[in-house]
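Since the structure comes first, as structure tokens, the remarks are kept for the end.
The values are calculated or read from the model by the stated rules, or taken from the named source; none is laboratory data. Since this is a predicted model, take the numbers as computed values, not measurements. Here the Cβ positions follow ideal geometry from the backbone for every residue, glycine too, while neighbour counts run over all protein chains shown. These accessible areas exclude ligands, DNA and RNA; they are computed on the full protein's heavy atoms, side chains included. Shrake-Rupley method; radii C 1.70, N 1.55, O 1.52, S 1.80 Å.
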Amino acid sequence: MLILHAGANEIDYDGLRQLETPDPTATHVPVPHFRVVDMLRHTLGFYGHTVVSEKHGVTPDGMRYFGLLQLRSPHTGHVDSVGLRNSHDRSFPIGIGLGAVTLVCDNLSFLASTVIKRKHTVNARRDLPGLVAEVVEPLTEQREAQARKFEHYRTTELSDMQSDHCIVQLYKQGVIGVQRIADVLKEYDEPSFDEFRTGPRNAWRLFNSTTFALNGRIAENPASTARLHQVIDGVCEHIN
């Protein structure tokens, strides 16, 4: 999420390219804002991630930049976010944040699962691609593993007793509250999407019924996401 409410204004990529970058000094070597974006795009593309949308913001003097790239995994369609920030006035280092939920705000809030920060030194432009690659490469491996996991869910059919047991475990593990049990059951029995109405009653259907019933709360709570997978994985392992 990109929030601009403390003085910065939205700008497009072409506008970024038109901004002037201050001359370097012996201790401060500014990197043009658009160069940070270009470097991210290149590294993400090298590892197979597609940028599907982007937003950029700068302060009126062009000294501070804030951005957000939304990217889609080629393996699962999972959407991740990359937050960016850069300054030419020494107010903060180059920042890159990666995660399922990322917050970039012009009040200097900067939150993500993984954050890289790099001071504006003579070596910053040289070192940043390698630092980003160290984060993006594991993300690619994670999404490949996730694709295998989801395929396992699709091939694991559940009896009514097994699905009921799983939903009880979701409650016991704190993934859903008691008020959400009925929502998960309804979505599992009467899916909102055609894919699941005509498909088998399997672990994939139950997984999606749970995330649908939670309506985004899973994405906001990584611990709940892990517990959801643990419960579904446990049922799949017991059956197979």
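Numerical summary
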{"item": "Cβ-Cβ under 9 Å pairs, at least 6 apart or on other chains, segment 152-174 side within 13 Å of residue 239 (Cα to Cα) and of a type outside the set (Val, Ile, Thr), far side open to solvent by 90 Å² or more (accessible area, probe 1.4 Å) and outside any helix (DSSP H, G or I)", "result": "152/240"}
{"item": "Condition check for residue 52: aliphatic (A, V, I, L, M) and more than 16 Å from residue 135 (Cβ to Cβ)", "result": "yes"}
{"item": "Among the candidates 209, 163, residue that is assigned to a helix (DSSP H, G or I) and within 25 Å of residue 99 (Cα to Cα)", "result": "209"}
{"item": "Matching strands (runs of 3 or more DSSP E) fully within segment 4-102 where at least 2 residues are surrounded by 17 or more Cβ atoms within 10 Å (Cβ to Cβ)", "result": "50-58, 64-72, 79-87, 94-99"}
{"item": "Residue among 169, 142 that alone is part of a helix (DSSP H, G or I) and at pLDDT below 90", "result": "142"}
{"item": "Unmet requirement for residue 115, which otherwise passes all of (1) part of a helix (DSSP H, G or I); (2) at pLDDT 80 or above; (3) out of contact with any helix residue (DSSP H, G or I) (no Cβ under 6 Å at 6 or more places or on another chain); (4) under 30 Å from residue 233 (Cβ atoms)", "result": "(1)"}
{"item": "Of residues in segment 112-165 being open to solvent by 30 Å² or more (accessible area, probe 1.4 Å) and among the hydroxyl-bearing types (Ser, Thr, Tyr), the one farthest from the chain's Cα centre (by Cα)", "result": "159"}
{"item": "Pair list, Cβ under 9 Å, 6 or more apart: segment 120-134 residue farther than 16 Å from residue 42 by Cα and at pLDDT 80 or above, other residue part of a helix (DSSP H, G or I) and of a type in the set (D, E, K, R)", "result": "121/127"}
